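Single-structure report; data block below.
The values are calculated or read from the model by the stated rules, or taken from the named source; none is laboratory data. Note that the coordinates shown come from a computational prediction; the quantities given were computed from them, not determined experimentally. A quick note on method: Cβ atoms are made from the backbone with ideal geometry, for glycine too, and the neighbour counts reach across all protein chains shown. To get the accessible areas, we keep the full protein, side chains included, count just its heavy atoms, and leave off ligands, DNA and RNA. Shrake-Rupley method; radii C 1.70, N 1.55, O 1.52, S 1.80 Å.
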Amino acid sequence: MGKKSSYSSSSMSAWRYLQPRYYIKRPKRLAMVLIVCVSLTWLLYDRKSLSTGQQDDILKLKEEVTRLQNSIEDIKGHMKDTTESIQNEDEVNKFAKDIYVEDDPISIQRRDKIKDAMLHAWTSYETYAWGNDELKPQSMNGVDNFGGLGATIVDSLDTLFIMGLDDQFNRAREWVAESLSFDKSIEVSVFETTIRVLGGLLSAYDLSGDKVFLEKAREIADRLLPAWNTPSGIPYNRINLAFGNTNNPSWSRGNSILADSGSEQLEFIALSERTKDPKYQEKVEKVIKGLHATFPDDGLLAIYLNPLTGTQTGGSVTFGAMGDSFYEYLLKAWIQGNKTEAVAFYREMWEKSMIGLQSMIKKSTPSSFAYISERLGNAVFDKMDELACFVPGMLALGSSSSGPDEAAKYLGLAEELVWTCYNFYQSTPTKLAGENYYFRDGEDMSVGTSWNIQRPETIESLFYLWRFTGNKTYQEWGWNIFQAFENNTRLETGYVGLKDVTTGKKDNMMQSYFLSETLKYLYLLFSPSSVISLDEWVFNTEAHPLRIVTRVSNEESGDPEEVFPRHLHGRKEGRIEYK
């Protein structure tokens, strides 16, 4: 039997309780409970004849009243302590407004339904595939698509924590501590291992403070680092964890992939900040600084990079498969560093890329859906991946730090594109989106590749647009998508994808990111904005929230300022193999 976890359910509940938004909300609730208890006590006293059992109940109620009174006084005292540093009443009111948003009954009900879905997915995985990377619900067995590193467990840690599924989190934590081993002669994707395993471990550490996650994060990062030992600093995309042997897949003709090589910065920078060891940050940032030196005016790069020379070697220009998260990480690395001068080059590159993005926007006929085309040399293709539906959310996130004109432009384009992405879902009989869509004159959109593998990108964008606009329409669209998943993909043994969104034919795989991203973004879509505040957290491309830490230049002295959280509560390559 493994060693019992020292990180208990009660300690997690206490951590969440000690966030300021609870201090603002709980006194009201406790006062209401107090009034009810007192009223009930006097009601019982007014009766002429009381049984011994009833008298015992009254004594218990009186004890509870005393306990609640003491709790309220303690909370009031803490509130006084936490607000003494705030200089005036206006700031106190603004602080309170920012960190507490009243839940509405519909959002609470929907959030509970999504939590139930997560519990069903997790319980099915625990029952049939524990320790494996992913669950095959129809055959009720596990499969190791990522080297047997327990991808679903590590990917789900932060979702379990955020949803308050404490027992499940503790069992996952114990597996990580006792059973997660990287000492294996297996070849893994550097990118997938970074975003799922390293990102998942770091997020669990940032949320819980449990150092077992940081220790495991450092261990896997050390095994991945040899991938960056190239003349250009562009990493190879595959590595053997035991021996450090590196290569690129044969289908890429020896080239590294843009999205893979440019989407590992958040995780390795975060690890350097948590461990105070700069080597991780230096490796991944060399990639971006090398690209920055020759970055084109339109900010668009082809998907193939030569790891020996660092030069582009062709391929398409796309915000879909193999290009997508490179552009996402330019913005998010800037946010992760708290938007200081030390990380300004990331924002500069991202803004150039948004110039290029706008040059690739086209409109369909007859309905004028905005979509992001693709380019290969001088040829333009009227095709858009569902993967590219992360772009509306990225634009909304970028708009929040732009000037008024640019912000309006970004947000307007985001709203146009997310309408298109939502219609990817609404245009099929199952109301679930296909993998990609073609736009032909007079046809608007038509499904290209017809599978749905539980992707989160459209829901991710709905989450960001809801956060930045407060428009409940985005919540309604997200709820419709969730219901389509429930109606078409839920089995007694978990959730599956669809081989065909037109017929509803099911596949036999529950993707780890369905728990990490799809259900998490749905849950947050119906949560108050103080739950994983975007002022304090930035999501990696696998939806793992990482704490924002202020970056300073090498010339500036002192440790980086940590912005502590006040509140809590192969897929990128566009290929799949059905087995």
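Mind listing just one residue for me: the one in the stretch 224-237 that is assigned to a loop (DSSP other than H, G, I, E, B) and open to solvent by 10 Å² or more (accessible area, probe 1.4 Å) and, of those, nearest to VAL190 (Cα to Cα)?
Restricting attention to the stretch 224-237, the residues satisfying the condition of being assigned to a loop (DSSP other than H, G, I, E, B) are 229-237.
Next, only the ones that are open to solvent by 10 Å² or more (accessible area, probe 1.4 Å) stay: 229-232, 236.
On the way: ASN229: 13, THR230: 14, PRO231: 18, SER232: 17, TYR236: 8 Å.
Among those residues, the one meeting the criterion is TYR236.
Among the residues of the stretch 377-384, is any of a type outside the set (S, T, N, Q), surrounded by 21 or more Cβ atoms within 10 Å (Cβ to Cβ) and in contact with a helix residue (DSSP H, G or I) (Cβ under 6 Å, 6 or more places away or on another chain)?
The initial filter retains those residues of the stretch 377-384 that are of a type outside the set (S, T, N, Q), namely 377, 379-384.
Those left that are additionally surrounded by 21 or more Cβ atoms within 10 Å (Cβ to Cβ): 384.
If we keep only those that are in contact with a helix residue (DSSP H, G or I) (Cβ under 6 Å, 6 or more places away or on another chain) as well, we get none.
Within the stretch 377-384, none of the residues are of a type outside the set (S, T, N, Q), surrounded by 21 or more Cβ atoms within 10 Å (Cβ to Cβ) and in contact with a helix residue (DSSP H, G or I) (Cβ under 6 Å, 6 or more places away or on another chain).
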Which residues, counting only those in the stretch 238-252, are assigned to a helix (DSSP H, G or I) and open to solvent by 20 Å² or more (accessible area, probe 1.4 Å)? SER250, TRP251
Kindly list the number of the only condition in (1) at pLDDT below 95; (2) surrounded by 20 or more Cβ atoms within 10 Å (Cβ to Cβ) that fails for ASP405. (2)
Can you tell me which condition GLY310 does not meet? The list is (1) touching a Gly at 6+ places or on another chain (Cβ under 6 Å); (2) assigned to a helix (DSSP H, G or I), and all the others hold. (2)
Filtering the stretch 253-273 down to residues that are open to solvent by less than 10 Å² (accessible area, probe 1.4 Å) and in a loop (DSSP other than H, G, I, E, B), which residue is farthest from LYS211 (Cα to Cα)? GLY262
What are the residue pairs meeting all of these: first residue in the stretch 132-143, first residue within 17 Å of SER179 (Cα to Cα) and open to solvent by less than 40 Å² (accessible area, probe 1.4 Å), second residue among the polar types (S, T, N, Q) and outside any loop (DSSP other than H, G, I, E, B), Cβ atoms under 6 Å, and 6 or more apart or on different chains? GLU134/THR152; GLU134/SER512
Does the stretch 480-501 contain at least one residue that is under 20 Å from PHE319 (Cβ atoms) and either surrounded by fewer than 24 Cβ atoms within 10 Å (Cβ to Cβ) or out of contact with any strand residue (DSSP E or B) (no Cβ under 8 Å at 6 or more places or on another chain) (or both)? no
Cβ pairs under 8 Å, 6+ apart, first in the stretch 179-191 and under 22 Å from GLU267 (Cα atoms), second among the aromatic types (Phe, Trp, Tyr): VAL188/PHE146; SER189/PHE146; VAL190/TYR236
